[in-house]
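Before any comments, here is the structure.
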Amino acid sequence: MPNLLVVEDDAAIGSVLESTLRLHGYQVCWRRDGRSALQAAEAGEFDLVLLDLGLPDLDGVEVCRRLRTALPATVLVILTARQEEMDVVVGLDAGADDYLTKPIRLGELLARVRAHLRRGAPAGARPPVTVGGLTVDIAGRRATLGGREVVLRAKEFDLLARLAEQPGIAVSRETLMSEVWDAHWYGSTKTLDVHIAAVRRKLASAAGPGDEVPRIATLRGHGYRLEDPTRTLAEG
Amino acid sequence: MRRRITTLTVLAALVATLLFALPLGFAVWQYYHDDVKGDLERAADATALTVSEDLNAGRQPAVPPLDREDDETGGEVAIYAPDGRLLAGHGPAVAGPVERQAAKATVDVALGREGDELALAVPVVSGPRVTGVVRAALPMSDLRMRIILTWLGMAGLAVATTGLSWLMARRSTKRLVTPMEELAAAAERLGDGDFTARSPRAGIAEIDQVGEALDSTAARIGETLERERAFSAEASHQLRTPLTGLRLQLEAALQTPAADPYAAIRAGIASADRLERTIDDLLALGRERRAPRAELDLDALLDELRQSGDALLAPRGRALRIVRQDPPPARVAAAAVRQVLGVLLDNAVTHGRGTVTVVARDAGDTLAIDVADEGPDLGETDPFAAATSGNGIGLRLARSLAEAEGGRLRLSKPAPPTFTLLLPAAE
């Protein structure tokens, strides 16, 4: 049974979250402030954390950063009433994997939790995909660049794997959101942008001299495309 | 501050005057002594020359009238026999120690104090025989008077110099301190929440720079505050209407137990959706009010940062590293970003250690600038709250500035201390 940590100071929202998630078969630990949440994180293992950013005792983003340090493998989803995109980016930059803005719709919340806990698509025996110097081994959930491993978080890997499936072809934001996050939700998709930025950064820092590093091109208003550097050269 | 600068200037002038006046005073004393001695010697020699013939012949000598040239000091001259009797002129009746020393003819001139007089004696000789002694003397009080008068003159000049330096110090202090006081007053008004506070220009580049920074900060924060105020006024008004509808629907459902509760719940959720749309619209409106900005010239800004950073860090033997990791273009006021980065750099210089690293990167359609140093772990301390060190104020102001630009500033890592400025990318 997946183990969830809910950090929410509002009693009404907290109790609804707790009872609804229990009803859907999750084990829930509800904490009302940042300090007790951090204590809980140190004491136990969690698969997913729902963290409200407006906490009475500590700055929510600070709690997010410390939770990320304490629980490196856990999925961190922030809940925020602040709809300003910048606050969302701050939270994602502090280590969160995803965010939901209040008011939350229960259906959407449950779909997101399910999507995050579903660790990648059933891999089967698919052969590794190679794009330039990058090899994405979907079965082994490993990505290597010039033989060196690129350390990626779960959703970052899924995103890269999805883009690597069709190198040179534009993948729309909607497709990425629905296939990687299982979210049929076309609002502000900051989560996607932040994950793309993280993947780009990790590819760049893993690259050695002479590596053929594939580039993730942004297509404004549409989506992203993974470009094979060797093929671009051949065409040019 | 005024008093301190004035006191310092006057003290410096006083010390300089004293250092100069003390040796000079001593030199004056020495000069008058030598002068008087020379005069007395000339008077005595002239007299001795005149009376030597009479003395050698054993006649009663007479003190000749002296030329003006030989008698500038106006001392008195007397002639003594070798045995010490006063033969002619004005002087003590019996020769004193100075005359007796001269009478031995072992020296050409004998000088010394006799009572209240400075006495000088020369022997008159005829071959090996001393035939008499000529004495010239001047009252010590005369000499003292002359020295004291000169010293008083010097002291007067010193007082005048010090007074002049005090006047000049007061004038330049006023020129320096008045704009600083006005600046402090403007900052205080800003602190009290008066964002219309503007500091006057003083014509001193360094002070004016601070004034300009303060003004632009005040303008920016004032602008944001005004926007927020207008927003909250509008928001509370706009939200009340759908909220009232929702409330009425729920109350009506409660009062008619026979009705289908699901219909009321569905209607309530529909009202909640309307409420949410209103909030979205209001937020969009708030964003639109933000004045459009030109695209930020990040390269120019980072070059400036490199220059000021090198100037601050190099003398301390520290280095500045600037890394560009594909930063996206941003649409924010360069002045605000410059000030925020200035505060972060200053913070890293004053409170941090080692190399300062600035990384401009893409944080998902957002420009992120990290400023890190190799200082000790900040642990759980909140650098934005550290008002006691005087540092928190700068950081807090920087945070307000970042937020006024639609950005954010926060401590992203306590070890190594890393601050991250996030700025909205150009659409």
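The values are calculated or read from the model by the stated rules, or taken from the named source; none is laboratory data. Being a predicted model, the structure only gives us computed values, none of them experimental. In this analysis, Cβ positions are derived from the backbone assuming ideal geometry, glycine residues included, and neighbour counts consider all displayed protein chains.
Name the one entry in A:68, A:31 that is closer than 25 Å to residue B:380 by Cβ, more than 22 Å from the chain's Cα centre (by Cα) and buried (at least 17 other Cβ atoms within 10 Å of the Cβ).
Going through A:68, A:31 in turn, just one is closer than 25 Å to residue B:380 by Cβ, more than 22 Å from the chain's Cα centre (by Cα) and buried (at least 17 other Cβ atoms within 10 Å of the Cβ): A:31.
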task = Could you list, in sequence order, all residues of region A:214-228 that are within 12 Å of chain B (Cβ to nearest Cβ) and part of a loop (DSSP other than H, G, I, E, B)?
result = A:220, A:221
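Determine whether residue A:136 is at pLDDT 85 or above, more than 14 Å from chain B (Cβ to nearest Cβ) and in a strand (DSSP E or B).
So residue A:136 fits the description; yes.
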request  = Of the conditions (1) more than 11 Å from every other protein chain (Cβ to nearest Cβ); (2) at negative phi, residue A:25 clears all except one; give me its number.
outcome  = (2)
query = Only one of (1) touching a helix residue (DSSP H, G or I) at 6+ places or on another chain (Cβ under 9 Å); (2) within 14 Å of chain B (Cβ to nearest Cβ) fails for residue A:54. Which number is that?
reply = (2)
key: Single condition residue B:157 does not satisfy, out of (1) in contact (Cβ under 8 Å) with a residue 12 or more places away in the chain; (2) under 30 Å from residue B:25 (Cα atoms); (3) aliphatic (A, V, I, L, M)   = (1)
request  = From B:78, B:121, grab the single residue that is surrounded by 18 or more Cβ atoms within 10 Å (Cβ to Cβ) and free of Cβ contacts under 8 Å to residues at least 60 places away in the same chain.
outcome  = B:78
message = Can you pull out every residue in region A:81-118 that is exposed (fewer than 14 other Cβ atoms within 10 Å of the Cβ) and either of a type in the set (Ser, Thr, Tyr) or modelled with pLDDT under 80 (or both)?
response = A:103, A:118
request  = Report, by residue number, each residue of region A:68-107 that is among the small types (Gly, Ala, Ser), away from every other protein chain (no Cβ under 11 Å) and under 23 Å from residue A:152 (Cβ atoms).
outcome  = A:70, A:73, A:96
task = Test residue A:37 against the criterion of being more than 14 Å from chain B (Cβ to nearest Cβ), out of contact with any Phe, Trp or Tyr (no Cβ under 8 Å at 6 or more places or on another chain), assigned to a helix (DSSP H, G or I) and within 28 Å of residue A:151 (Cα to Cα), and give yes or no.
result = yes
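Among the residues of region B:1-35, how many are more than 30 Å from residue B:180 (Cα to Cα) and among the β-branched types (Val, Ile, Thr)?
Selection size over region B:1-35: 2.
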message = So, in region B:200-224, how many residues would count as being closer than 19 Å to residue B:398 by Cα and surrounded by 13 or more Cβ atoms within 10 Å (Cβ to Cβ)?
response = 15
inquiry  = Which numbered condition in (1) crowded, with 22+ Cβ neighbours inside 10 Å; (2) not in a helix (DSSP H, G or I) is the only one that residue A:45 fails?
reply    = (1)
key: Residues that are surrounded by fewer than 20 Cβ atoms within 10 Å (Cβ to Cβ) and in contact with a Lys or Arg (Cβ under 7 Å, 6 or more places away or on another chain), drawn from region A:135-150   = A:139, A:149
query = Can you pull out the residues in region B:101-118 that are buried (at least 19 other Cβ atoms within 10 Å of the Cβ) and of a type in the set (A, V, I, L, M)?
reply = B:102, B:103, B:110, B:118
message = Looking at residue A:155 and the list (1) within 23 Å of residue A:47 (Cα to Cα); (2) away from every other protein chain (no Cβ under 14 Å), which single condition is not satisfied?
response = (2)
message = Restricting to region A:2-27, name every residue that is surrounded by 19 or more Cβ atoms within 10 Å (Cβ to Cβ) and not in a helix (DSSP H, G or I).
response = A:4, A:5, A:6, A:7, A:8, A:26
task = Please indicate, with yes or no, whether at least one residue in region B:313-331 is within 30 Å of residue A:219 (Cβ to Cβ) and of a type in the set (Lys, Arg).
result = yes
